[in-house]
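Data first, discussion second: the structure below is written as structure tokens.
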Amino acid sequence: MIPVTKSFLPPVEKYSRYLKGIWKSAHLTNNGPLLMELEEKLKKYCEAKHFIFLNNGTSALQLAIKGWELKGEIITTPFSYIATTSSIVWENCQPVFADIDSSTLNINPAKIEKLITKKTSAILATHVYGIPCNVEALEKIAKKHKLKVIYDSAHAFGVKYKDKPLVNYGDASTLSFHATKLFHTVEGGALITNDENAAHRFSYLRNFGHKGQEDFWGLGINAKNSEFHAAMGLCVLPHVADIIKKRKELSTLYDKLLLGKETTIRRPVVPANTEYNYAYYPVIFESEKILLSVRDSLNADFIYPRRYFYPSLSTVNYVKKQPVPVSEDISSRVLCLPLYYELETEQVKRICKIIRHVLRFKS
Ligand SMILES: *Cc1c(COP(=O)(O)O)cnc(C)c1O
């Protein structure tokens, strides 16, 4: 069986060593020594000014909205994981969808300005598949209209854009370190910002609003993470360069076997000046019908690609209907193929052979 992804697991002996330390200190959570160590290392890796390690990527999004007291409408992408939209609704704001660019599959800056109203407070955009948004254009619009820009950077760990980690663009970036992500801590997430005041608010929000043991800064929630999760992060982090290298090799092999004159498969475009992380391997077929026959043939061979991202978030039942034809079209035709550290070249060849076989009979 070949799943779409498989979590990277470090040598178990390495993790056990951390466990022994935890047993000795009996410090299990509440910003313990391992968490502080990981936070510091990740901060360095991301070249971040302020780095707040959290329990998951969804609370990172919610804390960003809460911490800036964003109200009213937030302009966002309909082509992302559900958490991008659900966090906005959960925080009592309205998601307003700007359609995506058909080449990068990220929010299309040209569609944003006409959606801005008196109620707009922010832009929440996803660097989908780790492909950088048009950060220059987004920041220009935000500045002109005094909006905050938050990037859902759940896929963007390890990506550089113009020699700077992508997570450093915008007012804040949110990360997810869920087990399925390129770098993971089993469950985990983070908020990155250059804004010192916001960083203080985020750290209070993370810990019930505690300001010392008996004093409270204000309303907060529990978005802390544990020593067990931090230990996993400390074990995985040294392997990140190798994980990205392996993914690059496998992606290059997919490219070689799938793209070319005789196939009609299209791939999203990574902009120039990007050092990419190969977080996913999405392919866009000519039609949903072709996608479904490809998926069925792969499933018949116990290969399970995933329809990331389907459906377009504009169609979920708790948002107002809004026209985003590009997102709805692309999400019906895009499929993420298996890509993970342990995937073997022989398996990639087998996957490509099946896909090419289906395409030969369909186009
Ligand atoms: C995974 C993911 C999230 C949610 O992160 P969790 O850590 O699972 O809460 C948010 N946005 C995107 C784009 C994601 O892929």
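I'd like the full set of residues that are of a type in the set (F, W, Y) and either surrounded by 18 or more Cβ atoms within 10 Å (Cβ to Cβ) or at negative phi (or both), limited to the stretch 286-305.
Residue satisfying the conditions is Y304 alone.
As an exercise: evaluate G209 against (1) more than 21 Å from the chain's Cα centre (by Cα); (2) on the phi < 0 side of the Ramachandran plot and give the number of the one condition it does not meet.
Just one mismatch for G209, condition (2).
When you go through (1) over 22 Å from Y161 (Cα atoms); (2) more than 12 Å from the ligand (Cβ to nearest atom); (3) open to solvent by less than 20 Å² (accessible area, probe 1.4 Å) one by one for K71, which number turns out not to apply?
Result: K71 fails condition (3) only.
May I ask you to say which residue of Y278, Y341, Y308, Y318 is in a loop (DSSP other than H, G, I, E, B) and open to solvent by 80 Å² or more (accessible area, probe 1.4 Å)?
Of Y278, Y341, Y308, Y318, the one residue that is in a loop (DSSP other than H, G, I, E, B) and open to solvent by 80 Å² or more (accessible area, probe 1.4 Å) is Y318.
Within the stretch 92-107, count every residue that is open to solvent by 30 Å² or more (accessible area, probe 1.4 Å) and within 20 Å of the chain's Cα centre (by Cα).
Qualifying residue count, the stretch 92-107: 3.
Restrict the check to the stretch 242-260 and report whether at least one residue is loosely packed, with under 15 Cβ neighbours inside 10 Å, of a type outside the set (S, T, Y) and part of a loop (DSSP other than H, G, I, E, B).
yes
Taking the stretch 99-120 as the region of interest, how many residues are of a type in the set (S, T, Y) and touching a strand residue (DSSP E or B) at 6+ places or on another chain (Cβ under 6 Å)?
Matching residues across the stretch 99-120 total 1.
Yes or no: the stretch 124-147 includes at least one residue that is under 19 Å from the mean Cα position of the chain (by Cα), within 11 Å of T76 (Cα to Cα) and open to solvent by 10 Å² or more (accessible area, probe 1.4 Å).
no
Quick one: count up the residues across the stretch 10-45 that are buried (at least 16 other Cβ atoms within 10 Å of the Cβ) and aliphatic (A, V, I, L, M).
Count: 5.
What are the residues in the stretch 205-224 that are over 16 Å from G57 (Cα atoms) and surrounded by 19 or more Cβ atoms within 10 Å (Cβ to Cβ), if any?
Scanning the stretch 205-224 gives a single hit, G220.
Residues to consider are Y81, Y161, Y151; find the one that is open to solvent by 10 Å² or more (accessible area, probe 1.4 Å) and closer than 20 Å to N194 by Cβ.
Y161
E328 fails exactly one of the following numbered conditions: (1) open to solvent by 20 Å² or more (accessible area, probe 1.4 Å); (2) part of a loop (DSSP other than H, G, I, E, B). What is the number of that condition?
Against the list (1) open to solvent by 20 Å² or more (accessible area, probe 1.4 Å); (2) part of a loop (DSSP other than H, G, I, E, B), E328 comes up short only on (2).
Yes or no, residue by residue, for (1) in contact (Cβ under 8 Å) with a residue 12 or more places away in the chain; (2) closer than 21 Å to I351 by Cβ:
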position: T252; (1), (2): no, yes
position: K289; (1), (2): yes, yes
position: A300; (1), (2): no, yes
position: R306; (1), (2): yes, yes
position: N317; (1), (2): no, no
position: K320; (1), (2): yes, no
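Residue check: is L191 assigned by TED's automatic domain parsing to the domain that holds N55, aliphatic (A, V, I, L, M), crowded, with 22+ Cβ neighbours inside 10 Å and away from the ligand (no atom under 14 Å from the Cβ)?
For L191, the condition - assigned by TED's automatic domain parsing to the domain that holds N55, aliphatic (A, V, I, L, M), crowded, with 22+ Cβ neighbours inside 10 Å and away from the ligand (no atom under 14 Å from the Cβ) - is not met.
Looking at A48, A64, which one is within 19 Å of G130 (Cα to Cα) and either open to solvent by less than 20 Å² (accessible area, probe 1.4 Å) or near the ligand (Cβ under 10 Å from one of its atoms) (or both)?
Among A48, A64, only A48 is within 19 Å of G130 (Cα to Cα) and either open to solvent by less than 20 Å² (accessible area, probe 1.4 Å) or near the ligand (Cβ under 10 Å from one of its atoms) (or both).
The values are calculated or read from the model by the stated rules, or taken from the named source; none is laboratory data. Computed from a prediction, not measured in an experiment: that's the story for all the values here. Cβ atoms come from the backbone with ideal geometry, glycine included; neighbour counts cover every protein chain shown. Each accessible area value is taken on the protein alone, full model and side chains, heavy atoms only, with ligands, DNA and RNA left out. Shrake-Rupley method; radii C 1.70, N 1.55, O 1.52, S 1.80 Å.
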